[in-house]
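Notes to accompany the following structure.
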Amino acid sequence: MTESSNGITSDDKMWGLLSYLFTPIVPIIILLLEEKKNRPFIKSHYIQALAWGVASYVIISILAASIILLPLAGIAGIAVLVFNILWGIKAYQGEHVTIPVITDFVKKQNWV
């Protein structure tokens, strides 16, 4: 496990990537791992990924409940997948991600 000058390890980056790719499952797993859940870089990503995952599932479920909006739910699902991949790549590169509305929400709740 190599550590960069800013204290972010390759392990931290991998957990950040996995948080977005497999949200909300991996963020919930991280919550159970004492040695991971308080690492600053991992925490900034898994909390956002968890909030994003729950919000996206709720929105897509509401859209999918209506026959008329079902195609929109499919498009939203594809968009969510694309954003998850993009944000996961950014996390793996050691960058912090800003998700509109979600980032502000988790910061106002003092979760990050």
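The values are calculated or read from the model by the stated rules, or taken from the named source; none is laboratory data. All values derive from a computational prediction rather than experimental measurement. Neighbour counts run over all protein chains shown; Cβ positions are idealised from the backbone, glycine included.
Does segment 4-20 hold any residues that are under 15 Å from K90 (Cα atoms) and surrounded by fewer than 18 Cβ atoms within 10 Å (Cβ to Cβ), and which are they?
Across segment 4-20, the qualifying residues are T9, S10, D11, M14.
Exactly one condition in (1) more than 11 Å from the chain's Cα centre (by Cα); (2) modelled with pLDDT of 95 or more; (3) crowded, with 17+ Cβ neighbours inside 10 Å is not met by L63; state its number.
Condition not satisfied by L63: (2).
Restricting the search to segment 52-81, which residues are aliphatic (A, V, I, L, M) and touching a residue at least 12 places away in the same chain (Cβ under 8 Å)?
Scanning segment 52-81 gives V54, A55, I59, I60, L63, A73, A76, V80.
If I ask for residues that are touching a residue at least 12 places away in the same chain (Cβ under 8 Å) and β-branched (V, I, T), which ones from segment 10-51 would you list?
Result: T23, V26, I28, I30, I42, I47.
Condition (residue is among the polar types (S, T, N, Q) and within 22 Å of N110 (Cβ to Cβ)) applied to segment 47-54: is it met by at least one residue?
Scanning segment 47-54 turns up at least one residue that is among the polar types (S, T, N, Q) and within 22 Å of N110 (Cβ to Cβ).
For segment 25-40, check the following and say yes or no: at least one residue is crowded, with 16+ Cβ neighbours inside 10 Å, under 10 Å from the mean Cα position of the chain (by Cα), assigned to a helix (DSSP H, G or I) and at pLDDT 95 or above.
yes
Can you tell me which residues in segment 102-112 are more than 11 Å from the chain's Cα centre (by Cα) and either in contact (Cβ under 8 Å) with a residue 12 or more places away in the chain or closer than 26 Å to T9 by Cα (or both)?
Scanning segment 102-112 gives D104, F105, V106, K107, N110, W111, V112.
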